[in-house]
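For reference, the structure is listed below as structure tokens.
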Amino acid sequence: MSKSKIKGKDLKKINYKSDRAKSLAINIINSDFKHLSKQNKLEILEDVLLNPKDYLEHTSLSKIAEELIGRIKTDKGIIYHLDSLDKPFAVYGKKHITMDTIRQMGVAMQLPVSVSGALMPDAHVGYGLPIGGVLATDNAVLPYGVGLDIACRMSLSIYDVPPGFLKRNSYQIKTALKEHTHFGIGKIEKHHTDHEVLARSEFNDIEILKQLKGKAQNQLGSSGSGNHFVEFGIVELPAGNTFQLKEGSYVGILAHSGSRGLGSAIAAHYTKLAKQRCILPAGAKHLAWLDMNTEAGQEYWIAMNLAGDYAKACHDIIHYRLGKALSIKPAALVENHHNFAWKEVVDGKELIVHRKGATPAAQGQMGIIPANMMEPGYIVSGVGNARALDSASHGAGRRLSRKRAKDSYTGSELKKLLKQHKVTLIGGGTEEAPMAYKNLDEVMASQQELITVEGKFYPQIVRMDKQ
């Protein structure tokens, strides 16, 4: 059989298009496989073209495979190219979303590990993924696809107490909020709370978590700054509601916060590792990922899940303290993360689904979508829309940046507006003024195929960090 060399025209016939891939293939196949026939050489090269991932560990063919996939190994890390072909993604409420946000999501979809994506109607530009972006990846986790505030979440406790309780006990409620909720970057809890989350073995098994245990203990039960809050309000439930409570109005406590300094430090540590190992073009560098088959990828996954449980513990403590201070016990609870990643089956394959500022909305899954400190939010259940990757918005979404909101409104304007709506604000500032947010009713109208409305929550007494 002929052992003639492979030439460019031979590779063209089997659909090799990249000049660099052709050059690598000719050099490697004619050097390392010179004993084979031309037909066998072509068969090997065709299989590399069709199944490049199968050859990434091959001693010589790996270089061709890396070029085909768009990755080049260096001493510093692996250089990846973005996919040249656009991958479509679903956009809900496009009229509410800027083109910059859509373009940012488009870049995320060009990652070689990206499989599917969607934008929620509250989406706006962020770091890495847009806020309101949902991205499903193959065996890869993006620290900035989750975000700095890992497991930022909502939790709503519903009490079988009539709304009149709020007016009759307004002084006690304000006092309880001041004494039992604590806000701000670097905030340390004066009263350490024993909680099983602090006894988790992960704090001893992973070096970065060993270093963070003291911070986690100091901040347990506290809330962050920015748009984080704890508020008392009125819950309205229709007849036949999922909580099996009578139709009517109830007292509710709604909290919004995440995993505090623990989550932020985890995000910073593993984002740095990801950027070192996964080198992307300048416009996509925040989308660096960790391979789930690596030690770093597994460590991040474990740390992220611990941060999620820690965030829940913070919320549970806040709700418990407030309920105890006011001698009320919850009849129902709604809670959900919105800065997190989950292993989920999409079109028959397990993928990593990142929801950065998006609410999980699998069929029947409960969630809470707030508006702002003045207007009602919605209690919802998921429809399970596969095109949206079983997701929904996590709020109304910002219309103005914090700086622009601060520059646009005065404190007196905010106080006057809140007084008109009979809302009391403790702390807070114009950065979180209601006018800085989109209209939630319009956002909800854009996601009727994603969620079912199960009730409403009206803020009455709001506690935020003093800005």
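Apply the a/c threshold of 1.5 to the C-alpha gyration tensor of segment 192-245 and tell me whether it is rounded, prolate or oblate.
Prolate.
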Once Lys and Arg are counted +1 and Asp and Glu -1 for all other residues with Cβ under 12 Å from that of G252, the total becomes -2
One finds the C-alpha centres of segment 300-352 and segment 283-299 to be spaced, in Å, by 23 Å
A 1.4 Å probe over the protein heavy atoms gives the chain a carbon and sulfur accessible-area percentage of 50 percent
Once the mean of 1/r over all distinct C-alpha pairs in segment 158-298 is inverted, the Kirkwood radius in Å reads 18.7 Å
Measure of exposure for R463: accessible area at 1.4 Å probe, Å² rounded to 10, is 40 Å²
With all protein chains in place and a 1.4 Å probe, H58 shows an accessible area in Å² (nearest 10) of 70 Å²
Expressed in angstrom and ordered largest first, the alpha-carbon extents of segment 235-383 along the principal axes are 55, 38, 27
Inter-part gap, Cα centre of segment 1-61 to Cα centre of segment 378-430, in whole angstrom, is 57 Å
Gyration tensor on Cα atoms of segment 1-59, a ≥ b ≥ c root eigenvalues, a/c under 1.5 rounded, else prolate if a/b beats b/c, else oblate, says oblate
re segment 42-170: pairs of Cα atoms spaced beyond 19 Å account for a percent value of 64 percent
In Å, the C-alpha Rg and Dmax of segment 341-467 are 16.8, 55
Cβ-Cβ cut-off under 15 Å around A341, Lys and Arg +1, Asp and Glu -1: the net charge is -4
Rounded to the nearest 10 Å², the 1.4 Å probe accessible area of S225 is 30 Å²
Dimensionless Rg/Rh of the chain, both radii on Cα and Rh by Kirkwood, sits at 1.07
Note to self: C-alpha centroids of segment 112-161 and segment 201-233 sit apart, in Å, by 19 Å
Dipole check, the chain, charges on Cβ (K,R +1; D,E -1), about Cα centroid: among P112, S170, S84 the Cα furthest to the positive pole belongs to S84
Cα-based Debye curve of segment 406-467 sampled at q = 0.16, 0.18, 0.24 Å⁻¹ gives log₁₀ I(q)/I(0) of -0.65, -0.77, -1.05
Checked against the positive end of the charge dipole of the chain (+1 on Cβ of Lys and Arg, -1 on Cβ of Asp and Glu, about the Cα centre), the farthest of I26, A65, G455 is I26
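The values are calculated or read from the model by the stated rules, or taken from the named source; none is laboratory data. Everything quoted here is computed from the prediction, not taken from an experiment. Note that we place each Cβ from the backbone using ideal geometry, even for glycine, and neighbour counts take in every protein chain shown. For accessibility, only protein heavy atoms count, side chains too; no ligands or nucleic acids. Shrake-Rupley method; radii C 1.70, N 1.55, O 1.52, S 1.80 Å.
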